[in-house]
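Note sheet for the following structure.
Computed from the coordinates by the stated procedures, all read-outs in this text should not be read as laboratory data. None of these values were measured; they are calculated from a predicted model. As a convention, Cβ positions derive from the backbone with ideal geometry for all residues, glycine included, and neighbour counts pool all protein chains shown.
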Amino acid sequence: MKKLLIAIPIILIIITGFIFDKNNNRSSTNTNNNATTVNFDDYFISKSLRVDYLLSGNAKEENVSLNKLNQEPYWGGPKKNLIDKFNYGTYRIRVLDSVSNKLIYSYGFCTLFQEWQTTAEAKKIKRSFYQTSIFPYPKKTVRFEIDKRAYKDGKFYKIFELYINPNNYFINKEKPKYYKSNKIIYSGDPSNHVDIAFVAEGYTKDEMTKFNDDVKRIAGYFFNASPYNKYKDRFNIYAIESASEESGTDIPGKGVYKNTIINSNFYTFDIDRYLTTFDTKSFRDIAANVPYDQIYILINTKKYGGGGFYNHYTACSSDNRLTPSVCIHEFGHGFAGLADEYYTSDVAYEDFYNLKVEPWEPNITTLVNFNSKWKNMINKNTPTPTPRTNEYENKVGVFEGGGYVAKGVYSPYQNCRMKSNQAELCPVCQQAISKMIEFVCDKQ
C-alpha cells in the first residue's frame, strides 16, 4: 500500500468504508453557517457519533490521524440550533450531507495541543495529543471536516476530511463501561437544557459520598453567581461516580504521583497551578454514561488549580479556598469561550495572540475589529482605549491588558472573574454566557 501511494498521486484513499480527502489546503471561511435551517429528524437520530483522532506536530506543523469511530447512546446537545453561530474556537468541526453538500452540524472548540504549540518545547520536539469530536449520529453518509484557525489571518482552513457511512460495521457500537450516575439537578429534556457531566477524578470508591456532596457544592457556587442564577431551571447536572485506585492527583513538581482514573496532573506545561488531563479518551468514555453538553472534571485535591478548554472540558480542584471562584473562571473558558483577561501571571505561552488579528474570544480585542465585540455596551462618554483609573472603575470600557500581555490586547473591565479571583464576572462576560446558555437551550 505504501508503494502504491508513492507511485500514484491520488487524492482519495478508501479504507474499510471511510474516505479520507488529502486535499487539506482549501479555505472553509466563505461558507455561511447560518444560511439554512436543519431539521434534526431529517438527518440524525438521538445518539452520538464520536470521532477519535490524534493531533500531532510541533510549533509549525500539524497532522490529524484517525483513531476510531464510536456510537454513543445519548445525544445531549440541542436539536434546533445545530449550526454554530458564534464562530468561536481555534478549531471547528463541520458535518455536511454527502449528497447535497448541505451543512447540517457545526461547532468550534479548543485543545491542549494548540496551547502546547505556543510553548518553547514545541519549537524543539514533536508530540501527539488525543482528541475527540462528537455530533448527532447521522442517518446517511456525511462528510466530517476539521478546520483550524490560522494564526496569520484568523481564518479557518481545512486540515482533515472524512466521509462516514453510519452503517459501516467498523464503527464501534459497544455500550460504554457502566458508571453509576446521579442527577444532582434535573430540569428537563437534555435537548433544551445545558447538560453538565461531572466526572469524578482522584476519588476512591469510598469517597463517592464526598464526590456527590462536592458536585452539589460546586453547583451552588454557580447558581449563586450571575448570570447562572437566572438560568438554574435550564441546567441538568449529573455526577458520574468514576472511582480511582488512589485519592488525589499527580503533582510532578513535588514528586507526587497517584493512580487515578483519568490521569490528571498539576504542572501542565510546567506551570504549577495548571491542572489538566491529557487522557481525553478515558473521560469521554466515562461521560458517555449520560447525555451531556459539557464535561466538568472535578479533581479531589486541596491544591489551587484548574483548566478549561472551549467545548472540550473544564477541570478544577475540589477543595481549595479559591475553588468558588476558580470553578466559575474555568467554566467560562470551557462553556462560553471566554479568554483570560490577566496579563501579569506566569504562563508557558509565547505570542499566543497575533496582534494584527481580532481574537475570536468575546471578551478581549486587539481593536482590529472592535465593532464585532462589546462596543455597543460602552457609554458614549467613555474614551477608547480607557485608562485604568478610579474614574472608570466598574464601568465597561476598553482597558489595555489581557490575554497574557500588557500591551496590544484590551479587555472590557478593570477587574473581572476572568482576570481575578476577587471579582465577579463583568457585564460583557455575563452577556456572552447568557447567549451561550440560550443557544444550547434552543432558545435562539
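Side notes on the structure shown:
- Going from the residue with the fewest nearby Cβ atoms within 10 Å to the one with the most, Ile433, Ile93, Ile171 rank Ile171, Ile93, Ile433.
- Relative protection proxy for 303-309, 380-386, 184-190, from highest mean packing down: 303-309, 184-190, 380-386 (other beta-carbon atoms within 10 angstrom).
- Annotation for Tyr169 and Thr384: the two label points, set 7 Å from Cα along the Cα-Cβ direction, are 6.1 nm apart.
- For the stretch 404-444 and the stretch 248-291, distance of Cα centres in Å: 26
- Once you reduce the stretch 61-84 and the stretch 308-361 to the center of their Cα atoms, the two points are 23 Å from each other.
- Each peptide in 357-363, 246-252 receives the mean, over its residues, of other Cβ atoms within 10 Å, and ordering these scores from highest gives 357-363, 246-252.
- Under 16 Å from the Cα of Lys173 - lysines, other chains or at least 8 residues apart: Lys47, Lys68, Lys139, Lys281
- For a straight C-alpha distance cut-off of 13 angstrom, the aspartates and glutamates reachable from Lys407 (same-chain residues fewer than eight places away being disregarded) are Glu341, Asp351.
- Length-normalised contact order for the chain - Cα pairs under 8 Å, 6+ apart - percent: 14
- Within the chain, helix-based [θ] at 222 nm, where runs of 4 or more DSSP H residues each add -39,500 (n - 2.57), nearest 500: -4500 deg cm²/dmol
- Over all orientations, the chain has a Cα convex hull whose mean projected area works out to 21.8 square nanometres.
- Using all pairs of distinct alpha-carbon atoms, the Kirkwood hydrodynamic radius of the stretch 358-401 works out to 10.9 angstrom.
- Normalised alpha carbon radius of gyration of the stretch 121-206 [divisor 2.2 N^0.38 Å]: 1.59
- Peptides 132-142, 64-74, ordered by how many other C-beta atoms sit within 10 Å of their residues on average, highest first, read 132-142, 64-74.
- Candidate lysines for bridging to Lys435, where Cα separation is under 20 Å - those fewer than 8 sequence places away on the same chain excluded: Lys79, Lys80, Lys85, Lys230, Lys232, Lys373, Lys375, Lys443
- Per residue, the convex hull volume that the Cα atoms of the stretch 181-335 enclose (Å³): 97
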